[in-house]
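Shown next, in structure tokens, is the structure this report addresses.
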Amino acid sequence: MTTINKDEIQKFSKLAEEWWDVKGKFKPLHMFNPIRIEYLLEKIKDHFKIENNAPIPLQNLKILDIGCGGGLISEPMARMGGLVTGIDASEKNIKVAELHSKKNNLKINYLNKSPEQLKEFEKFDIILNLEIVEHVENVNLYLESCHSLLKKNGLMFTATLNRTLTSYIKAIIGAEYILRWLPIGTHDWNKFIKPEELEKKLLELRFQTVDIAGLSFNPITRKWKRSKDLSVNYIICNTKS
């Protein structure tokens, strides 16, 4: 069994060279990054009892960034002291990520692997599943693999898209066809997962829910903000007991 969807990997491999072009195909992710990092940091500090003004807040925390792409989240996590391993099923993405991290003198362990291939690997304090579960072949196997890779009392973040009429209009028709923020075919609405479905799967694996938040785009300020609206983008934070 595998979580790798070859069509999805091919799709993102074609775009690999563009990961760090802030005006290119991944512009939406660059715009999305500040609110994601703010949320991650807040929950990590709360959970691991890290002082707000700590100069290196993620020092010595082992972090696994799954579906790391070109390293858009791995790099800021490493800059804040995290011991980051970034994995991606696309070899091209890993090569781009490695090159960019070396240019910036960042020590990040990049591997061309999927989570179920890390069975013998060390366990992590934090696992990041950001905009990845809607692209995997087998969500149950994916989450089981995450459970086995997370330390007891570790923290896991899963950010994805809700399967609603609103998400179809905004994330597919709006973002892909009208605004052209994303290449047409980036998302398959049928692979979007409702928060209650995801939470049920996580509870069955003995994850406890810490928080669920919506992430909404304000077209006037052109910025993302946290909200109670889970109808399109949302992030769920879990701990493993």
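The values are calculated or read from the model by the stated rules, or taken from the named source; none is laboratory data. Everything numeric in this text was worked out from a predicted model, so none of it was measured. Heads up, the Cβs are rebuilt from the backbone with ideal geometry, glycines too, and the neighbour counts pull from every protein chain shown.
When only residues in region 5-49 that are aliphatic (A, V, I, L, M) and surrounded by fewer than 17 Cβ atoms within 10 Å (Cβ to Cβ) count, which is nearest to W224 (Cα to Cα)?
Looking at the filtered set, the residue picked out is M31.
Quick check, is L182 hydrophobic (A, V, I, L, M, F, W, C) and at pLDDT below 90?
yes
Yes or no, residue by residue, for (1) surrounded by 20 or more Cβ atoms within 10 Å (Cβ to Cβ); (2) modelled with pLDDT of 95 or more; (3) of a type in the set (S, T, N, Q):
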{"residue": "K102", "(1), (2), (3)": "no, no, no"}
{"residue": "N109", "(1), (2), (3)": "no, yes, yes"}
{"residue": "E116", "(1), (2), (3)": "no, no, no"}
{"residue": "R163", "(1), (2), (3)": "no, yes, no"}
{"residue": "S167", "(1), (2), (3)": "yes, no, yes"}
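Please work out which one of (1) more than 23 Å from E8 (Cβ to Cβ); (2) surrounded by 24 or more Cβ atoms within 10 Å (Cβ to Cβ); (3) among the acidic types (D, E) is the condition E120 fails and give its number.
For E120, the exception is condition (2).
Among the residues of region 1-44, what is the count of those that are β-branched (V, I, T) and in contact with a His (Cβ under 6 Å, 6 or more places away or on another chain)?
Residues that pass the stated criteria total 1.
Restricting attention to region 89-113, which residues are among the acidic types (D, E) and either without any contact (Cβ under 8 Å) to a residue 60 or more places away in the chain or in contact with a His (Cβ under 7 Å, 6 or more places away or on another chain) (or both)?
The one that is among the acidic types (D, E) and either without any contact (Cβ under 8 Å) to a residue 60 or more places away in the chain or in contact with a His (Cβ under 7 Å, 6 or more places away or on another chain) (or both): E98.
Of the residues G67, G86, which single one is touching a residue at least 40 places away in the same chain (Cβ under 8 Å), touching a helix residue (DSSP H, G or I) at 6+ places or on another chain (Cβ under 9 Å) and crowded, with 19+ Cβ neighbours inside 10 Å?
G67
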